[in-house]
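Worksheet: one structure, shown below.
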Amino acid sequence: MNFSKRCIITFSKKEIWTYGLFTAGTAVLSDMLFSLDIILIGFLLNESAVAGYKTAILLPSNLTFIALTFMQSDFPELAKHHKDKFFLKNYISNYYKIFIPLCLTIFVAFYILKDYIIVLFFGEKYRGIESAFIILTSAFLLNMLMRNLYGNLLSAVGKMAYNTIVSILALIVLVSLSILLVPKYGVAGMAIAQSITLLTTGFLLMTGFFSYIRKLS
């Protein structure tokens with residue numbers, strides 16, 4: 001890289017501040033999404049249910065670090081080519097070539113070994129959360145393929161405001177579904193509510209990104 005060349009900044013202060021505020025807002029709202037479920041289940045059920053849900057979600061939620069680490073290292077290149085339709089489409093294709101087989105492998109392994117995993121990591125007293133564990137595993141693997149991917153792509157191309165709007169909607173969807181499902185299905189109901197929330201917002205982010213792609217020349 002030739003560092004002797006001058007770097008010309010083409011963004012106004014307003015654009016930089018706006019992007020920064022939406023980035024901070026999205027980060028806060030995303031953190032809220034993965035705290036609100038625990039608060040809601042505590043409010044709607046009891047401490048025992050909270051413990052069961054926190055146990056069921058622990059491993060699945062940490063799977064997403066794989067995708068986040070992968071995309072964070074690519075963020076500068078994605079931002080650099082934010083108007084290159086071919087580059088962006090090729091990136092998505094290559095991402096799926098890696099992560100679809102990986103997610104399928106993880107899901108099959110977790111499904112087959114779910115009973116053993118629960119007992120090994122959390123003990124006999126947590127038997128019975130296997131269904132919630134598998135539902136959440138499915139949700140977070142799909143999250144890697146949709147919400148993580150297209151949310152980060154939208155961030156890289158400067159559409160952070162769309163991310164923020166979708167994050168607000170996610171909180172509304174989660175609260176609504178939790179009120180409907182948790183009293184009836186317990187911990188599994190919260191797992192379903194969180195899964196539907198992640199899937200819905202993933203579709204919305206994907207739609208938003210491909211809308212952006214279609215507008216590129």
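The values are calculated or read from the model by the stated rules, or taken from the named source; none is laboratory data. Note that the coordinates shown come from a computational prediction; the quantities given were computed from them, not determined experimentally. Cβ atoms come from the backbone with ideal geometry, glycine included; neighbour counts cover every protein chain shown.
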When the stretch 152-199 is checked residue by residue, the ones that are β-branched (Val, Ile, Thr), in contact with a Ser or Thr (Cβ under 6 Å, 6 or more places away or on another chain) and within 30 Å of Ser73 (Cβ to Cβ) are Thr164, Val166
Quick one: count up the residues across the stretch 167-190 that are part of a helix (DSSP H, G or I), closer than 20 Å to Glu130 by Cα and touching a residue at least 24 places away in the same chain (Cβ under 8 Å).
6
Taking the stated definitions as given, is Tyr95 among the hydroxyl-bearing types (Ser, Thr, Tyr) and more than 17 Å from Leu145 (Cβ to Cβ)?
no
Note on Gly202: of the conditions (1) out of contact with any Leu (no Cβ under 8 Å at 6 or more places or on another chain); (2) surrounded by 22 or more Cβ atoms within 10 Å (Cβ to Cβ), unmet is (1)
Give me the pairs: first residue in the stretch 191-217 and under 19 Å from Ile92 (Cα atoms), second residue part of a loop (DSSP other than H, G, I, E, B) and basic (Lys, Arg), beta-carbon distance under 7 Å, and six or more apart or on different chains, which are they?
Gly208/Lys159; Tyr212/Lys159; Leu216/Lys83
Residue satisfying all of: in the stretch 71-80; of a type outside the set (Asp, Glu) and surrounded by fewer than 17 Cβ atoms within 10 Å (Cβ to Cβ); farthest from Leu102 (Cα to Cα) among these:
Lys80
Among (1) at pLDDT 90 or above; (2) surrounded by 15 or more Cβ atoms within 10 Å (Cβ to Cβ), which single condition is Thr64 missing?
(1)
Would the stretch 136-158 turn up any residue that is polar (S, T, N, Q), crowded, with 23+ Cβ neighbours inside 10 Å, in contact with a helix residue (DSSP H, G or I) (Cβ under 8 Å, 6 or more places away or on another chain) and over 26 Å from Ala24 (Cα atoms)?
yes
Single residue of the stretch 103-120 satisfying the filter (hydrophobic (A, V, I, L, M, F, W, C) and over 26 Å from Leu145 (Cα atoms)) that is surrounded by the fewest Cβ atoms within 10 Å (Cβ to Cβ)
Leu120
Do any residues in the stretch 123-146 that are at pLDDT below 95 and of a type in the set (S, T, N, Q) have Cβ atoms under 7 Å from those of residues that are surrounded by fewer than 22 Cβ atoms within 10 Å (Cβ to Cβ) and not in a helix (DSSP H, G or I), where the two are at least six apart or on different chains, and which pairs are they?
Asn143/Thr64
Breaking point among (1) in contact with a Lys or Arg (Cβ under 8 Å, 6 or more places away or on another chain); (2) part of a loop (DSSP other than H, G, I, E, B), for Asp115
(2)
